[in-house]
There are 2 protein chains.
Amino acid sequence: MSMSASLIDIDDLVGRHVADLREAAEAAYARTFHSRYSERPTDPAYGEDPFGEGQAAFDATLERGLALDQPGTGGRVAGEVSPYGLDLSISYPAVEPSALLDAASDALPAWRAAGPDVRAALCVEMLDRLGARAHELGLAVHHTSGQPRVMAFQAGGPHALDRGLEAVTYAHAAMTRHASHARWEKPGKRPTVLDKTFHVAPRGVAVAIGCRTFPTWNGLPGIMASLATGNPIVVKPHPSTILPLALVVEVAQGVLTEAGFSPHVVTLAAEAPDTGIAKDLVTDPRVKVVDFTGSTAFGEWLEVNASQARVYTEKAGVNSIVLDGTDHAEGMFDNLAFSLSLYSGQMCTTPQAIFLPRDGIDTDEGHLTFEEVGERVAGALGKLLEPAEKGVEVLGAIGDTSIVERLDEVASLGEVVARSEAVEHPAAPEAVVRTPLVLAVDAADTEAYDTERFGPIAFLVGTASTDHSLELVRDLVQRRGAITFGVHTREDKVRTQATEVALDAGVSVSFDLTRNVFVNQTSAFSDFHATGANPAANASLVDEAFVVGRFHLVETRMHAPVEDGD
Amino acid sequence: MSMSASLIDIDDLVGRHVADLREAAEAAYARTFHSRYSERPTDPAYGEDPFGEGQAAFDATLERGLALDQPGTGGRVAGEVSPYGLDLSISYPAVEPSALLDAASDALPAWRAAGPDVRAALCVEMLDRLGARAHELGLAVHHTSGQPRVMAFQAGGPHALDRGLEAVTYAHAAMTRHASHARWEKPGKRPTVLDKTFHVAPRGVAVAIGCRTFPTWNGLPGIMASLATGNPIVVKPHPSTILPLALVVEVAQGVLTEAGFSPHVVTLAAEAPDTGIAKDLVTDPRVKVVDFTGSTAFGEWLEVNASQARVYTEKAGVNSIVLDGTDHAEGMFDNLAFSLSLYSGQMCTTPQAIFLPRDGIDTDEGHLTFEEVGERVAGALGKLLEPAEKGVEVLGAIGDTSIVERLDEVASLGEVVARSEAVEHPAAPEAVVRTPLVLAVDAADTEAYDTERFGPIAFLVGTASTDHSLELVRDLVQRRGAITFGVHTREDKVRTQATEVALDAGVSVSFDLTRNVFVNQTSAFSDFHATGANPAANASLVDEAFVVGRFHLVETRMHAPVEDGD
């Protein structure tokens, strides 16, 4: 535990940041637009030459390595590979899980004693400093996950930071909703009077397990929620995408140290592939909170085996679209093509099963047969993704070779509506870039569409009717889970029906997205990401349930002083 | 699902009760005094002749039986035995668990559609009607659990109803904290505008498993939290104490029916002893919420096996008192004697291990040796419990013969400080009434005090020092759990130390209770009962965490209408 004097003016930070958090909470409860970190890459907040400065900072970080203060074995962990061919010659301290947990446990009492306001303000300060390095963060996400450059900046930088801020906002509101002191007076001839104090007690040490594709976007909410509520945290990134979360830990440790706290409140557990330190970490009895985004198999393992901890998981699901009709066919197909293509479908929110009646749908352009719908989807994909230099800015690159193998495996499961084409990246010839594969199948072909097929793979599923489509969605979401659900229709009746399905199955629904909002995107402070109500995720980003299980209220009480000494 | 017209003015109820809930929420967050149901048995709210009218109503209920509307097998369940010898010739419909769950599932959509305000208002109405029958409820608790008469009225009636109201208060606040509709406008040259609706979606069907000793006090919070959040509930009382919860179900069904809802939103699953229907209920895939108060063994079984549900458990623990010193020895011993004696120690909050230095404590009456402390405890017990007609109003009766057996089993584990005496109940000669057994042991005698010994059994544990006492408490609570913890000291330093122990171990602490407040009692809206942070309970009555896991927010969104049709 550091006893060094604070280098930053904590009172000033608390004054400014806590006021901002209260304003953010108002927006979160009203679900109106709120953002602290600009998604515009050229925003002046990011400097005079944001792209150039960001690139220079990123290069410098790769050159110098990261400044991390934590117990290590002396060894180093490396091995990240940029899907765009950049040589990521960076390494991280190798660690012993128990040493990290010892350090985190030692750091706990002082971090607990800091209290909700100080912790929340320091979390905001961490996010702000990451915000100032958003281009660097974006490049780190781009070069590890393979996300296209601008998306990596937005999703990996400002959007991720806004989600982190949202977690701090909810955590701070939940911790401060109750009075910290109360005088309780029970009326009566001789009133009974007690003085009571309510302390926020963290559950223990937290562990966040990062995912390959969205290390910061999916990681920051849990990290910030645990930190703000007083739980020191060990951050265990996916072996393929360590750098973005390592930057987060570096910045967090800097803020902690300057504020006079132990840097061991936040540590990095970098690991080489398949060393399995996650299992050692999450089953340690000191670990009381676990956040995870990743495979269903490991998520379910965690839910059963990390039983000493509160476990927040986002796993896999099968996302559906129901096409019943549209008043804006062109917009619908363009919107759908973008949803299928963005980051090559490597999103937990990408639609996979597109249900429509076998006899087609009615639109503003007249009736479209099932085959015509397929042609229009294929056409919209071509329009979006050609030429290659435009396409790669939507598709990004595929970092996981199993996805390319999967494209070949599934190609025979249905009739090809759109072939998955290999695209040559104009600036990175070694990048693996593939357009979406779209297959037509029948509702009866459940072996095709009724399991998650992660990557740029979608199915047009022919059904008897929209009623049939909706019944299939209800069943699919209840069994397999889903993060997103979209419906296109001209009928209020269908919207009502689909809303009932959404409520029964526990999935949110987007209706008739035909413009620049996409079913796979959610906005912090206004859209909940996942509901926690179906098998795809047991938590939602970010709601009250995501934060309140991370701390407890511990009460001390005593008689109030009395004059007569009774 | 009932389509009958409402017999009660729902708008009027919503108007009145929701306003009251908002006021109650203010008190809950401020932790100040709040109560809706008077704990004074002679309060005019309970009629001109409360005791007489309550008795008459109770007799009439036993005579007529309960009016329950639910699927049944045609068989009947009976077998409750009054510890006070009253013939409880009452029976309940025998049920098939799957039929109750079918009925609850069928009732779900309409109850969900009622929305947060209507559901919460109807819950308050149920509590108010139970409040009007508080004496009857108290007699039902008295004659099944064995609680002394006035305590049964207070704890089983108004205090239980206030805890239920607290659950409705938190549930309503949590469900309505977010806007139900929002227009989201993302700034830009051409702003992006979405209309969003947020629906409260219950998790599914709930099950509440009642405990033998406090069927309403421990049962109503979970029942009300589940109901208010939209989950139909099956109430499964302990076979020994069915009647109090059967009254709750009768009243709830009456309100539901009058309001035009299916009575199957709340049903009773009465069972004869050892038929095990709880396991069938809680492992059904439709059951998504379970509340349980009872044994550690079944609580842990639930936490592992009802994995499809959110499980809220209150199990057993070992509650501690640390004696370091006092400025009011007489008050301390009197207070302690009451805490040990109330309801014969059949409370999950009764202290069991009283730690004090082997060389005694300093008090306003001078130094007291360990032996003198024992003598003073024994003396205070005698003063409180004699003569018998006074004692039985504190001790109540023991309904579970295993407790009497346990008294004999443990008597040799230490030196007897106070013997457990059999007391003849002046009005109920067959009642089993026993005074507390207090044994002196050393800190090393862990086999004596280091496991829960439910009933009127306590240990004075000699330690090396108060530091030692506090270390023992930290360890004991972390391993065995605890609901309560009390400390008597003259030193602020010890209070600070004890608070750190309380925070580390996750248990609330009462300091220096020497008057008419007892460590084993908590007040709704001001004291949290259990913290959820140690093995005794995974939930607290009532905080945000107790309610937010019972529902999810499901969003629907679409583009806002625009003028130009873009």
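No lab work stands behind these numbers, since they all come straight from the coordinates. Here the structure is a predicted model, which means the values were calculated and not measured. Note: ideal-geometry Cβ built from the backbone for every residue, glycine included; neighbour counts use all protein chains shown.
Arranged from fewest to most other beta-carbon atoms within 10 Å of their beta carbon, B:LYS186, B:LYS383, A:LYS196 become B:LYS383, B:LYS186, A:LYS196. Remark: mean inter-chain Cβ contacts per residue of B:176-186 equal 5, using a 10 Å Cβ-Cβ cutoff to other protein chain atoms.
The residues neighbouring B:VAL473, those whose beta-carbon lies less than 12 Å from its own, together hold a net charge of -4 under the Lys/Arg +1, Asp/Glu -1 convention. Here the label points at A:ALA411 and A:ALA67, each 7 Å from Cα along the C-beta direction, are separated by 5.1 nm in the simple model. Within the shell of other residues whose beta carbon sits under 15 angstrom from the beta carbon of A:GLU375, the net charge comes to -3, with Lys and Arg scored +1 and Asp and Glu -1. Distances, shortest first, from the label point of A:HIS367 to those at the same position in the other copies read 10.3 nm; the point lies 7 Å along Cα to C-beta.
The distance linking the range B:383-429 with the range A:110-167 is 62 Å (Cα centroid to Cα centroid, whole angstrom).
Net charge around B:LEU302, counting only other residues with Cβ within less than 14 Å of its Cβ (Lys, Arg = +1; Asp, Glu = -1)? So the environment of B:LEU302 carries a net charge of -1. The ranking of B:VAL554, A:VAL141 by Cβ neighbour count inside 10 Å, starting from the fewest, reads B:VAL554, A:VAL141.
Taking the label point 7 Å along Cα→Cβ, A:SER465 and its counterparts in the other copies are spaced 8.2 nm apart, in ascending order. Peptides A:467-473, B:231-237, A:122-128, B:333-339 ranked from most to least packed, by the mean per-residue count of other Cβ atoms within 10 Å: B:231-237, A:122-128, B:333-339, A:467-473. In this structure, the pairs whose alpha-carbon distance is over 24 Å, taken from A:LYS493/B:LYS196; A:LYS186/B:LYS493; A:LYS315/B:LYS315; A:LYS279/A:LYS315; B:LYS236/B:LYS288, are A:LYS186/B:LYS493; A:LYS315/B:LYS315.
Looking only at the range A:315-356, which residues have a backbone nitrogen under 16 Å from a spot 7 Å from the Cα of A:SER465 in the C-beta direction? A:323-325, A:356, by backbone N distance to the label point.
Amide H contacts under 5 Å for B:GLY486: B:SER320, B:ILE321, B:VAL322, B:SER510, restricted to partners 5 or more places along the chain or on a different chain, H placed in the peptide plane at 1.01 Å from N. Ascending distances from the A:ASN516 label point to its copies in the other chains, with the point 7 Å along the Cα-to-beta-carbon line: 6.9 nm. Taking every C-alpha pair closer than 8 Å and separated by at least 6 residues, the mean separation divided by the residue count of chain B gives a relative contact order of 18 percent.
Residues B:ILE10, B:ILE457 in ascending order of nearby Cβ atoms (within 10 Å, fewest first): B:ILE10, B:ILE457. In the protein assembly as shown, what % of DSSP beta bridges are antiparallel (nearest 5)? Of those bridges, close to 40 percent are antiparallel.
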